[in-house]
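Data first, discussion second: the structure below is written as structure tokens.
The values are calculated or read from the model by the stated rules, or taken from the named source; none is laboratory data. Keep in mind that this is a model prediction, so the values were computed, not measured. Cβ coordinates were reconstructed from backbone atoms using ideal geometry, including for glycine residues, and neighbour counts include every protein chain displayed. We work out accessible area using only protein heavy atoms, side chains counted, and drop any ligands, DNA or RNA first. Shrake-Rupley method; radii C 1.70, N 1.55, O 1.52, S 1.80 Å.
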Amino acid sequence: MIPTTMKACQLVAFNTNEMREVPVPEPMDGEVLCKIRAIAICGTDPEIIHGKLKAKMNWPPVFPFTLGHEWSGEVVKLGTGVKGFKVGDRVAGEAHRGCGSCANCMKGNYTLCLNYGDVASGHRHYGFVTPGANAEYNVYSTKALRKIPDNLSFAHAALLDTAGVALHGIDMIGVTPGGNAAVWGPGAIGLMSVQMIKAMGAKNIIVVGRGKRLQMAGELGATHLVDYEKGDPVKTVLEITGGVGVDEIQECSGGAVALDQCLAAVRKGGKINMLGFYDDADVVLPPITRIVMNEITLTGSRANPNVSDRVLNMFAAGLIAGDKVVTHTFPLESYNAALETYLTRKDGAIKVVIEPWKQA
Ligand SMILES: [Zn+2]
Ligand SMILES: [Zn+2]
């Protein structure tokens, strides 16, 4: 039996999350109702909670608002016109669902939908402008859903988004088999990137970071760990590559000096993809001439379009895993404690997952 009301953790004002009893939403045409089994806290969640993305992105659009966009669960009810999904399916979600008919969506670039935020067009951005998963249930367009492999736990399936962001970034720049790749920032996206780059055959995988997360990168396949607190990371990367620089860099740190460092550490003709959330006012701009004279390909990547099937195949095949990335789980009632654990990196926290149906 599906109840008429449910618990949801809502952002009621900046810096204030509250557990509230709210109606269980009804699935509309092409949508399904899902019982939410796991939600991973993303780096953008605290930014939204702290009000840092209101002026830039209008997130959240209203109060109260239910955040949470990296999730997995079970289909419990079908709306009209649903094909390919049935009650009981284990699924995980993408945050973006494009309108499907604008010029960008028509090209498959649905995270860049030109009707962003226009609900009437069919656009959804779950947990950002459309209610998200920090609740016992939520409704989703089946276009934003994937069935997950039997051998993938709900907690790890909630990494579909994180791993997808990593893969979309790698799609931008590729991986040279037998070559030298680097990852700046061994957070959850960086650690999934390391595993994928390893699976794609780079000889050296250099990771720039610090602390427990850097150590974890070594356990997940990085060949060289560069602690930026212990010296100039650019100098070390150049030493490792015989003065040439790396073929590709996945920049996941979002740091103010990251672009400057990456442009100095990539080889001539190399490629850099940036996917962090940067504080534009603080970013140190490098000499742009380096991009021209060294023919550097510099890309940005947003979210995770067209990668979910490959991500799930990699999980199923054991090429990537969530074991070392998901470090903590909490019940929904303990959202604030979970957020605190995530933000302070308490007990080596990397990815913190909320399980709404787990008892406290
Ligand atoms: Zn996310
Ligand atoms: Zn669109």
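Determine which member of the set V87, V32, V75, V12 is more than 24 Å from I189 (Cβ to Cβ), surrounded by fewer than 17 Cβ atoms within 10 Å (Cβ to Cβ) and within 25 Å of the chain's Cα centre (by Cα).
On the way: V87 fails: within 25 Å of the chain's Cα centre (by Cα); V32 fails: surrounded by fewer than 17 Cβ atoms within 10 Å (Cβ to Cβ); V75 fails: surrounded by fewer than 17 Cβ atoms within 10 Å (Cβ to Cβ).
Only one candidate qualifies: V12.
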Could you grab me the full set of residues in the range 302-311 that are more than 16 Å from ligand 2 (Cβ to nearest atom) and surrounded by fewer than 21 Cβ atoms within 10 Å (Cβ to Cβ)?
D309, R310
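Considering only the range 155-167, state which residues are open to solvent by less than 30 Å² (accessible area, probe 1.4 Å) and either in contact with a helix residue (DSSP H, G or I) (Cβ under 8 Å, 6 or more places away or on another chain) or farther than 18 Å from D45 by Cα (or both). Explain how you work it out, then say what you get.
Keep residues of the range 155-167 that are open to solvent by less than 30 Å² (accessible area, probe 1.4 Å), which gives 155, 157-167.
Result: A157, L159, L160, T162, A163, G164, V165, A166, L167.
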When every residue in the range 296-334 that is in a helix (DSSP H, G or I) and within 16 Å of ligand 1 (Cβ to nearest atom) is compared, the one farthest from C105 (Cα to Cα) is V311
Looking at (1) in contact with a helix residue (DSSP H, G or I) (Cβ under 6 Å, 6 or more places away or on another chain); (2) over 29 Å from K35 (Cα atoms); (3) within 14 Å of ligand 2 (Cβ to nearest atom), can you tell me which one V183 breaks?
(3)
Failed item, numbered, when P287 is tested on (1) over 25 Å from K52 (Cβ atoms); (2) at pLDDT 95 or above; (3) outside any strand (DSSP E or B):
(2)
Search result, residues across the range 99-136 that are in contact with a Gly (Cβ under 8 Å, 6 or more places away or on another chain), outside any helix (DSSP H, G or I), within 30 Å of N17 (Cβ to Cβ) and open to solvent by less than 20 Å² (accessible area, probe 1.4 Å):
C113, G122, H123, H125, Y126, G127, G132, A133, N134, A135
Filter the range 314-348 for residues that are more than 16 Å from A38 (Cα to Cα) and open to solvent by less than 30 Å² (accessible area, probe 1.4 Å) and give the result.
M314, F315, I320, T341, G348
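Does V82 satisfy the criteria of being modelled with pLDDT of 95 or more, open to solvent by 10 Å² or more (accessible area, probe 1.4 Å) and closer than 28 Å to G322 by Cα?
Numbers: modelled with pLDDT of 95 or more: yes; open to solvent by 10 Å² or more (accessible area, probe 1.4 Å): yes; closer than 28 Å to G322 by Cα: no.
Spelling it out, it is not the case that V82 is modelled with pLDDT of 95 or more, open to solvent by 10 Å² or more (accessible area, probe 1.4 Å) and closer than 28 Å to G322 by Cα.
Right, V87: touching a residue at least 24 places away in the same chain (Cβ under 8 Å) and either within 16 Å of ligand 2 (Cβ to nearest atom) or more than 23 Å from A338 (Cβ to Cβ) (or both) or not? Break it down stepwise before answering.
Details: touching a residue at least 24 places away in the same chain (Cβ under 8 Å): no; either within 16 Å of ligand 2 (Cβ to nearest atom) or more than 23 Å from A338 (Cβ to Cβ) (or both): yes.
For V87, the condition - touching a residue at least 24 places away in the same chain (Cβ under 8 Å) and either within 16 Å of ligand 2 (Cβ to nearest atom) or more than 23 Å from A338 (Cβ to Cβ) (or both) - is not met.
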If we ask which residues in the range 246-271 are touching a helix residue (DSSP H, G or I) at 6+ places or on another chain (Cβ under 9 Å), within 17 Å of L191 (Cα to Cα) and open to solvent by less than 20 Å² (accessible area, probe 1.4 Å), their number turns out to be 4
Exception for D280 within (1) closer than 26 Å to M216 by Cα; (2) under 22 Å from the mean Cα position of the chain (by Cα) falls at (1)
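State yes or no: is A135 within 30 Å of N15 (Cβ to Cβ), within 15 Å of ligand 1 (Cβ to nearest atom), touching a strand residue (DSSP E or B) at 6+ places or on another chain (Cβ under 9 Å) and in contact (Cβ under 8 Å) with a residue 24 or more places away in the chain? Working first, answer last.
Working: within 30 Å of N15 (Cβ to Cβ): yes; within 15 Å of ligand 1 (Cβ to nearest atom): no; touching a strand residue (DSSP E or B) at 6+ places or on another chain (Cβ under 9 Å): yes; in contact (Cβ under 8 Å) with a residue 24 or more places away in the chain: yes.
When the stated conditions are applied, A135 does not pass them.
Which of the residues belonging to the range 342-353 are touching a Ser or Thr at 6+ places or on another chain (Cβ under 9 Å) and either among the polar types (S, T, N, Q) or not in a loop (DSSP other than H, G, I, E, B) (or both)? If you could, list the steps in order and put the result at the bottom.
Keep residues of the range 342-353 that are touching a Ser or Thr at 6+ places or on another chain (Cβ under 9 Å), which gives 347-353.
Hits for the range 342-353 are D347, G348, K351, V352, V353.
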Checking V139 against (1) more than 21 Å from D29 (Cβ to Cβ); (2) away from ligand 2 (no atom under 16 Å from the Cβ); (3) not in a loop (DSSP other than H, G, I, E, B), only one condition comes out false. Which one?
(1)
Got at least one residue in the range 145-154 being within 14 Å of ligand 1 (Cβ to nearest atom) and either open to solvent by 30 Å² or more (accessible area, probe 1.4 Å) or over 27 Å from E239 (Cα atoms) (or both)?
no
